Amino acid sequence: MTAIQGVNTNAVSTMVVAVGVGLAGLAGTIAAPLLALSPTMGDSIAIQSFMIVVIGGLGSFSGAFIAALVIGQIYSFGVVLLPWATTVLPLLLMVVVLAWRPAGLAGRRA
């Protein structure tokens, strides 16, 4: 729609990526002196992101959003009610969702 109005969408996309990369570099520069850097520092975030995408359904933004909210609530309640099982509860949710709906909460069968 913006291309019809004369906006150069390729240039805008390039600028958005460039600004995002710049902000990520700036955040890394600021965080480096404050945090211990290691090659495995993003593993926990990658695993949580994988669980969110699988539970929500591949290719479904709304499903991933709902799954992120549900997993956040499970972590919050797990810390208070079952602190010894906090890390296992999201995995159990993923097993239950995949047993109930193999494509995820908002995914469609291929």
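Only a single criterion out of (1) surrounded by 10 or more Cβ atoms within 10 Å (Cβ to Cβ); (2) aliphatic (A, V, I, L, M); (3) under 30 Å from Val96 (Cα atoms) is not satisfied by Ile45, namely (1). No other residue among Leu105, Leu26, Leu35 is exposed (fewer than 11 other Cβ atoms within 10 Å of the Cβ) and either touching a Cys at 6+ places or on another chain (Cβ under 9 Å) or assigned to a loop (DSSP other than H, G, I, E, B) (or both) apart from Leu35.
Residues satisfying the criterion are present in region 40-49 (criterion: over 10 Å from the mean Cα position of the chain (by Cα) and part of a helix (DSSP H, G or I)). Residues of region 1-57 that are in contact with a helix residue (DSSP H, G or I) (Cβ under 7 Å, 6 or more places away or on another chain) and not assigned by TED's automatic domain parsing to the domain that holds Leu93: Thr2, Ala3.
The values are calculated or read from the model by the stated rules, or taken from the named source; none is laboratory data. Only a predicted model underlies this, so the values are computations on that prediction, with no experimental measurement involved. Glycine also receives a Cβ, built like all others from the backbone with ideal geometry; neighbour counts cover every protein chain displayed.
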